[in-house]
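The values are calculated or read from the model by the stated rules, or taken from the named source; none is laboratory data. Quick caveat: nothing in here was measured; it's all calculated off a predicted structure. Accessible surface areas use protein heavy atoms only, side chains included; no ligands, DNA or RNA. Shrake-Rupley method; radii C 1.70, N 1.55, O 1.52, S 1.80 Å.
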Amino acid sequence: MGAQLRVYKQKIASAQTTKKITKAMELIAASRIQKAMARVRASSPFARAVTRAVSAVATHSNIQHPLTTERETIRRSAVVIFASDRGLAGAFNSQILREGLQLGELLRSQGKEVEYFLVGRKAVGYFQFRRMSAAGEWTGDTDTPHFNTAEQIAGALLDAYDRGGEEQGGVDEIHLVYNRFVSMMTQEPETVRLLPLEVVEADEVEAATSAPNAVYPLYEFEPSPEVVLDALLPVYVQSRVFNALLQSSAAKHAATQKAMKSASDNADKLITDYTRLRNNARQAEITQQIAEIVGGADALASGK
């Protein structure tokens, strides 16, 4: 019985230590979520405004810019997967990797080659373990993303897109796959086609211009629509990539908090269960000792 009591005490102490760690990680993640969400709220309006500006230029001009015109034959597609550098976040990394690989299979079924660009050590480790190749890797800046990381990713993507699918390493379209922060309990995988740009204002413009007595703005571009697009499109790509990094960071902190809270609750349950078992073992030991004492007393009394 004494050995069994020691085992239960060791398990209770281990569960209590684990609970302290998971509780601390839960509080850290909770403190980081607010900062991450503030950065998402600050960057989202700019990303939407740049997208609308690029769409407006493409809609109200008759130029065929390489970044806004879909190519006749799409030979190779780029899929950018935004994972995290650290684990302990539940299904955060597994669901985004599954989403990215499913997108890759869909593109292959359409006769396209797929090039993967990976963000986060978990994605890089997943591909290395399975000996899968990647065209680009970025690690170490997923918890609190910096804009220079978005610039590096955007530069690599634009360079690959400029080369086109006919050349080695070039691509004809770019997709972003990341976890979008919905709420503290929900993070949803999001897939966005970054390039070629989908002109989101085209239907609105057509509806506005076809309405009776419609009044719609006239656009003048200086020095030219080509120069405006050349200046806007890199900013557009950088802003969308940076927004995806921030969304993924906020979703990761929320997933970590949820996972650590679940771990703390499980540790509480283990402590309760082992405490009950320890008490039962202790009670059985005391009962056995009392029975031995009583038995010994009876033996002494009967021997007189």
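Normalised by the residues of the chain, what does the relative contact order come to in percent, with Cα pairs under 8 Å and at least six apart? Working shown, then result.
Numbers: 438 pairs, mean separation 98.1, N = 304.
In percent, rounded to a whole number, it is 32.
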* Structure fact -> Where a ≥ b ≥ c are root eigenvalues of the Cα gyration tensor, a/c under 1.5 meaning rounded, otherwise prolate if a/b exceeds b/c and oblate otherwise, the range 33-99 counts as oblate
* Taking the chain as a Gaussian network, Cα atoms linked when under 10 Å apart, which of 56, 291, 38 shows the biggest mean-square fluctuation? -> 291
* Gaussian network model of the chain, Cα springs within a sub-10 Å range: biggest mean-square fluctuation belongs to which of 173, 285, 115? -> 285
* Asked: What accessible area per residue, rounded to a whole number of Å², is obtained for the range 1-103 using a probe radius of 1.4 Å?
  -> 54
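Taking only DSSP H segments of four or more residues, each worth -39500 (n - 2.57), what value at 222 nm results for the chain once the sum is divided by all its residues, to the nearest 500 deg cm²/dmol? If you can, show how the numbers build up before the last one.
Working: 6 runs with 190 residues, N = 304.
Calculated at 222 nm, the ellipticity per residue is -22500 deg cm²/dmol.
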* Among DSSP beta bridges lying fully in the chain, give the percent that are antiparallel, nearest 5. => 35
* Of 67, 106, 157, which is the most mobile in a GNM of the chain whose springs link Cα atoms less than 10 angstrom apart? -> 106
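May I ask for the equivalent-ellipsoid semi-axes of the chain, computed as the square root of five times each C-alpha gyration tensor eigenvalue and listed largest first in whole Å? All intermediate terms of the calculation are to be shown ahead of the outcome.
Values: eigenvalues 758, 88, 44 Å².
After scaling each eigenvalue by five and taking roots: 62, 21, 15 Å.
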* Within the accessible area of the chain, what % is carbon and sulfur when the probe is 1.4 Å and the other protein chains stay in place? -> 52
* Using alpha-carbon coordinates, inclination of helix 2-59 to the longest axis of the chain, degrees -> 10
* **Degrees between helix 147-163 axis and first principal axis of the chain (Cα, 0 to 90, nearest 10)** => 50
* Structure fact -> If amide H atoms are modeled at 1.01 Å from N in the peptide plane, then the residues at a separation of 5 or more from residue 174, or on another chain, having amide H under 5 Å from its own are 78, 194, 195
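What number, in percent, do you get for the relative contact order of the range 1-141 if the mean sequence gap of Cα pairs under 8 Å and at least 6 apart is divided by its residue count? Please list the in-between numbers first.
Details: 105 pairs, mean separation 27.5, N = 141.
Answer for the range 1-141 is 20 percent.
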* To do: Under 1.5 on a/c is rounded, so check that first for the range 1-136, then, if it is not, pick prolate when a/b is larger than b/c and oblate when it is not; a ≥ b ≥ c are the square roots of the alpha carbon gyration tensor eigenvalues.
  => oblate
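Percent of alpha carbon pairs in the range 62-157 separated by more than 16 Å? If you can, show how the numbers build up before the last one.
Details: 2791 of 4560 pairs.
The proportion of pairs with Cα distances above 16 Å equals 61 percent.
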